Amino acid sequence: MSTERSPKAEEIIHHTRMLLTTGGYKSFSYADLAERVQIRKASIHHHFPGKADLVQAVVSDYRQEARAGMAATSQHFAGDALGEINGYVNYWATCIKENTSPFCICVMLAVELPQLPEEVAQEVSGHFSDLASWLTNILQRGATSGVFILRESAAVEAKSLMATVHGAMVAARAFNNADLFLQIVKPVLNKLIAPR
């Protein structure tokens with residue numbers, strides 16, 4: 001469900017996303033945004049009455065982009081389950097290495113989940129559900145075709161892989177080492193791949 005927004009509203013969304021990526025929900029105020037966007041706080045309130053409205057819009061957009069990315073990855077690899085999983089992992093490896101989107105905003109916000117406004121928390125949880133469902137489907141198809149060996153259910157393995165990817169993001173940031181991401185994720189992924 002795409003919303004028509006003014007260029008200024010899109011600029012506010014863009015800067016909010018950057019702030020969420022680096023520090024989470026509580027790390028910024030409308031005053032911080034006003035300074036970045038070069039408008040008054042009242043103008044931000046005109047576009048987004050409250051911070052929860054703004055962050056919900058950002059996360060909703062993020063979810064739409066993520067779902068589109070998952071669909072594009074699946075379409076690109078056309079049933080190649082290992083290719084789809086590698087596509088997901090390599091997407092984040094590239095984002096981290098090139099610093100284009102070095103951290104999933106939903107991972108950042110999940111840390112704050114108990115304190116988030118309900119509408120934001122629902123979007124964040126929804127993102128994890130979307131991703132877990134997509135990965136579960138891929139792993140199940142891969143197991144059926146003999147590409148993967150699952151030691152647990154596809155749903156549990158999907159959540160484990162997702163947690164590994166997200167944990168590797170944290171480690172890459174904590175150690176300021178983009179290469180650490182794949183050093184952590186690849187061995188876990190290799191354990192899923194059936195021997196040839």
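Go through the stretch 37-119 and tell me which helices (runs of 4 or more DSSP H), entirely inside it, have 1 or more residues that are farther than 23 Å from Trp134 by Cα. Don't jump to the end; show me each part of the working.
Values: elements: 41-47, 51-77, 81-98, 105-111.
By residue number, 41-47, 51-77, 81-98.
Mind telling me which of the residues Arg151, Arg173, Arg196 ends up being closer than 28 Å to Phe28 by Cβ, basic (Lys, Arg) and out of contact with any Gly (no Cβ under 8 Å at 6 or more places or on another chain)?
On the way: Arg151 fails: closer than 28 Å to Phe28 by Cβ; Arg196 fails: closer than 28 Å to Phe28 by Cβ.
Exactly one of Arg151, Arg173, Arg196 is closer than 28 Å to Phe28 by Cβ, basic (Lys, Arg) and out of contact with any Gly (no Cβ under 8 Å at 6 or more places or on another chain), namely Arg173.
Just a yes or no: is a residue in the stretch 99-114 under 14 Å from the mean Cα position of the chain (by Cα) and farther than 24 Å from Thr16 by Cβ?
Step one: of the stretch 99-114, the residues under 14 Å from the mean Cα position of the chain (by Cα) are 100-111.
Remaining after also requiring farther than 24 Å from Thr16 by Cβ: none.
No; the residues of the stretch 99-114 include none that is under 14 Å from the mean Cα position of the chain (by Cα) and farther than 24 Å from Thr16 by Cβ.
Give the number of residues within the stretch 88-98 that are free of Cβ contacts under 8 Å to residues at least 40 places away in the same chain and more than 13 Å from Val185 (Cα to Cα).
Taking the stretch 88-98 as the starting set, the residues that turn out to be free of Cβ contacts under 8 Å to residues at least 40 places away in the same chain are 90-91, 94-95, 98.
Now drop any that are not more than 13 Å from Val185 (Cα to Cα), which leaves 94-95, 98.
Total meeting the criteria: 3.
So, in the stretch 176-196, of the ones that are of a type in the set (Val, Ile, Thr) and assigned to a helix (DSSP H, G or I), which residue ends up farthest from Glu98 (Cα to Cα)? Don't jump to the end; show me each part of the working.
The initial filter retains those residues of the stretch 176-196 that are of a type in the set (Val, Ile, Thr), namely 184-185, 188, 193.
From the residues that got through so far, the ones that are assigned to a helix (DSSP H, G or I) too are 184-185, 188.
Values: Ile184: 18, Val185: 18, Val188: 23 Å.
Across the stretch 176-196, the extreme among qualifying residues is Val188.
Could you pull out the residue among Arg63, Arg36, Arg40 that is in contact with a Gly (Cβ under 9 Å, 6 or more places away or on another chain) and among the charged types (D, E, K, R)?
It is Arg63.
Name the one entry in Val58, Val107 that is out of contact with any Asp or Glu (no Cβ under 8 Å at 6 or more places or on another chain), modelled with pLDDT under 95 and aliphatic (A, V, I, L, M). Quick ask: steps written out before the conclusion?
Numbers: Val58 fails: modelled with pLDDT under 95.
The match here is Val107.
Give Ser43, Ser27 a once-over and let me know the one that is of a type in the set (Gly, Ala, Ser), modelled with pLDDT under 95 and under 22 Å from the mean Cα position of the chain (by Cα). Please lay out each step first, then the result.
Values: Ser43 fails: under 22 Å from the mean Cα position of the chain (by Cα).
None of the others qualify; the one that does is Ser27.
How many residues are assigned to a helix (DSSP H, G or I), farther than 20 Å from Ala71 by Cβ and not hydroxyl-bearing (Ser, Thr, Tyr) if we restrict to the stretch 138-154?
1
Would it be correct to say that Val89 is touching a Leu at 6+ places or on another chain (Cβ under 9 Å), surrounded by 13 or more Cβ atoms within 10 Å (Cβ to Cβ) and over 23 Å from Asn137 (Cα atoms)?
Working: touching a Leu at 6+ places or on another chain (Cβ under 9 Å): yes; surrounded by 13 or more Cβ atoms within 10 Å (Cβ to Cβ): yes; over 23 Å from Asn137 (Cα atoms): no.
In short, no.
The values are calculated or read from the model by the stated rules, or taken from the named source; none is laboratory data. The structure presented is a predicted model; accordingly, all values stated were derived computationally and were not measured. Reconstructed Cβ throughout: ideal geometry from the backbone, glycine too, with neighbour counts over all protein chains shown.
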